[in-house]
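Worksheet: the structure to be examined is printed underneath.
The values are calculated or read from the model by the stated rules, or taken from the named source; none is laboratory data. Keep in mind it's a predicted model, so treat the numbers as computed, not measured. So basically every Cβ, Gly included, is an ideal-geometry build from the backbone, and we count neighbours across all protein chains shown.
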Amino acid sequence: MEDALARYLASRLEANDVRVTNLLRIPGGASRETWMFDAEWTAPSGERQTGAFVLRKDPPASLLETDRETEYAFYSAFWGSEVPVPRMRWLENDASILGGPFFIMDRILGCESATAKIIAPPYTAVHPQLAENMYRILGAIATFDWRGTPIERVAEPPTPETAWQRELDHWERILDTEAMEPQPIMKAAIRWLRANPPPPAQRISVVHGDYRVGNFLYREDGNIYGIVDWEMAHLGDPLEDLAWSFNQSWHWAKDGRPGGIVDRAAAIAHWERYSGLRADPQALYWWEVFSHVKCQGIWVTGARSFQEGRTNELILPLVAYSLINAQDQYLLRTMGRIP
Amino acid sequence: MNPSAPRVLQGLAANLLSEVMPNISTPFGQQLVGIAAMLEMMLAEEFDRAADRLVTENRVVRELLAEGRALLGEGCPTSVAAAIAAPAAPTLRVPDLQRENDLLRAALIDLHAAVEQAPGEAARAFEERIWAELIESTRRRQFASRL
């Protein structure tokens, strides 16, 4: 893969001596293969240059079937804004180059993203700062003016009245087509969601779609240097992201705190302060119930991909065995059916 | 007697973690070994209990469907009667039991939706019985070892 990558970069950088080193697959990245690498080349000016990059490559099958062009557009739109993202470099749809379409971005150096590390020292000392930054940035995503950016080309805005329905229709369809067993608990929740729709969205915002601890790059100073994994980004109700961040699947410290770093009330207060929006409790509850349906849609998609032999990624059966039943239990807890 | 499948899987997991993992140099490789070990622990549990869980659940759901049909009468979804009438799994092999389970639980979804729309205290009480079974179904599937 190093040689193929070097040839690709040579064409993009107009250099004929590109050397790719330290190519390593990064753990995680269940939806797209994520690789890091370094490169050295001589620029047309004759100057020797180096770069540190991340490559996101489509696998044969994954937890999600998403459009890489959409993800690339959302990343590109936020570059240079108060929402920190890595700089996008190249998007390549030709699967013959590396065995799948891919895109390449700059690597943000010196950061952590691991969920196991953020809940342990030295990061526990800066949980208040990390939490405030996490929800400050989410507020900035919610209020970002996406009109006139690359997002407008790839994402269709719903109306404030239909934002909930579009998402629920989408994820119910996924659950119906991908689940290999009946889902009586999820289907009961879906009936409740349809019978009790939330109020219209306060505004149509960018929704990251997977905003949680684990999808940002942080350091010991309590700052966040990059929001990553935009593969489920879309336009919709900003409460969707806030509710998603509370899902029990991301309670990494298993102590009831979202992400293992913040209590819920503080998270809501930060988000309301920085976004200027209100987290209506009933609307937020609707989106929290919905978040379980969406999670389950993701888990069952990965389970089917593995079962049908489209991939041998072991993370997919692990997620299925670990989370499909657990997600039912998390939903039951949110709905007050179990303590 | 041979060592049981759960015991063999547990042994495999222990060897992966203690003997293989320390010799893997890349974070991705280490993650893979960890996932393989965790999966073996979960499969050990599932191997031990799967048939028992499915036999128990199929009986409980069949009883619920029969009671639901009696409660709703003509208002009962046709899938409920069809599931009740369907033959039980022909063997105790897990795939056969699972097919029966899928049929019964799909009918339970239809029954649950119909009971929600039915008026009266008896319907409310039966709705709670369905919820109690759904909660119990998650306990049957819970793993001692999971992420």
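Structural remarks
- Long-range neighbours under 8 Å by Cβ, at least six apart or interchain, first residue assigned by TED's automatic domain parsing to the domain that holds residue A:125 and in a loop (DSSP other than H, G, I, E, B) within region A:212-238, second surrounded by fewer than 19 Cβ atoms within 10 Å (Cβ to Cβ) and of a type in the set (D, E, K, R): A:219/A:112; A:238/A:203
- So residue A:202, is it in the same structural domain as residue A:330 (by TED's automatic domain parsing), in contact with a Leu (Cβ under 8 Å, 6 or more places away or on another chain) and surrounded by fewer than 22 Cβ atoms within 10 Å (Cβ to Cβ): yes
- Set side by side, the residues B:138, B:78 differ, and just one is more than 14 Å from every other protein chain (Cβ to nearest Cβ), without any contact (Cβ under 8 Å) to a residue 40 or more places away in the chain and β-branched (Val, Ile, Thr), which is B:78.
- Qualifying residue in region B:10-26 (condition: in contact (Cβ under 8 Å) with a residue 24 or more places away in the chain and under 27 Å from residue A:185 (Cα atoms)): no
- When A:269, A:283, A:303, A:265 are screened for being away from chain B (no Cβ under 11 Å), touching a residue at least 12 places away in the same chain (Cβ under 8 Å) and under 30 Å from residue A:202 (Cβ atoms), only A:283 passes.
- Being out of contact with any His (no Cβ under 6 Å at 6 or more places or on another chain), part of a helix (DSSP H, G or I), aromatic (Phe, Trp, Tyr) and on the phi < 0 side of the Ramachandran plot is a property that residue B:126 has.
- Hey, residue B:36 hydrophobic (A, V, I, L, M, F, W, C), buried (at least 16 other Cβ atoms within 10 Å of the Cβ) and within 9 Å of chain A (Cβ to nearest Cβ) or not: yes
- Some residue of region A:48-67 being more than 19 Å from the chain's Cα centre (by Cα), assigned to a loop (DSSP other than H, G, I, E, B) and surrounded by 15 or more Cβ atoms within 10 Å (Cβ to Cβ): no
- Residue list for region B:27-45, filter: touching a residue at least 24 places away in the same chain (Cβ under 8 Å) and not hydrophobic (A, V, I, L, M, F, W, C): B:40, B:45
- All positions within region A:280-330 that are out of contact with any Phe, Trp or Tyr (no Cβ under 9 Å at 6 or more places or on another chain) and polar (S, T, N, Q): A:282, A:301, A:305, A:307, A:311, A:329
- In region A:311-339, the residue that is farthest from the other protein chains (Cβ to nearest Cβ) out of those that are over 21 Å from residue A:252 (Cα atoms) and touching a Ser or Thr at 6+ places or on another chain (Cβ under 9 Å) is A:311.
- One residue from A:150, A:121, A:128, A:101 being in contact (Cβ under 8 Å) with a residue 24 or more places away in the chain and more than 30 Å from residue A:203 (Cα to Cα): A:101
- Scope region B:86-110; condition touching a helix residue (DSSP H, G or I) at 6+ places or on another chain (Cβ under 7 Å) and either more than 11 Å from every other protein chain (Cβ to nearest Cβ) or over 18 Å from residue A:328 (Cβ atoms) (or both); matching residues: B:86, B:88, B:89, B:90, B:92, B:94, B:97, B:100, B:103, B:107, B:110
- Test: residue in region B:114-123 that is surrounded by fewer than 18 Cβ atoms within 10 Å (Cβ to Cβ), without any contact (Cβ under 8 Å) to a residue 24 or more places away in the chain, farther than 19 Å from residue A:180 by Cα and within 11 Å of chain A (Cβ to nearest Cβ): yes
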